[in-house]
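Some notes on the structure that comes next.
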């Protein structure tokens, strides 16, 4: 891939990939960071980008792996902090209403990834399986479980519409 082709690829793909990673991660700034880092890495591998699943899939996969690595690092830090934390500190408030973004964040990472690739990126199950290195059956299982959890989450909170608002709106 030439420099001009890469610039064109970047211009065509950066916003779409950032939106996709936003849905996958639930954090817009994190999505921007990992997509930019993935493009930096793609620049160094631009000779290989046209192979395998294509350049956009390569960047999306690298960005997702970067996000997962960051989450693991944060979780390790939180665990270490909790072990030494003051027990008198209370947790933050628990919101009464849950929106779709919150419901997506509550899904396990693989279910969220499969659901985002399927519903947001509009990828077929076979392509998701190839990108995630999961079997097609496992992808279907994750999609089914994600749909069930999202449906239950959204139905549970449909009754919590504030007074004066219509549920049909």
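The values are calculated or read from the model by the stated rules, or taken from the named source; none is laboratory data. Just so we're clear, the structure is a prediction, and the values are computed from it rather than from any experiment. Here Cβ is always computed from backbone atoms with ideal geometry, including for glycine, and neighbour counts include all displayed protein chains.
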Worksheet item: Going by the conditions given, is residue 65 out of contact with any helix residue (DSSP H, G or I) (no Cβ under 6 Å at 6 or more places or on another chain) and modelled with pLDDT of 90 or more?
Response: no
Fill in: Test result for residue 31, buried (at least 16 other Cβ atoms within 10 Å of the Cβ) and either closer than 19 Å to residue 113 by Cα or in the same structural domain as residue 106 (by TED's automatic domain parsing) (or both)
yes
Item to complete: Please go through the stretch 25-47 and pick out each residue that is in a loop (DSSP other than H, G, I, E, B) and touching a helix residue (DSSP H, G or I) at 6+ places or on another chain (Cβ under 8 Å).
Response: 26, 45, 46
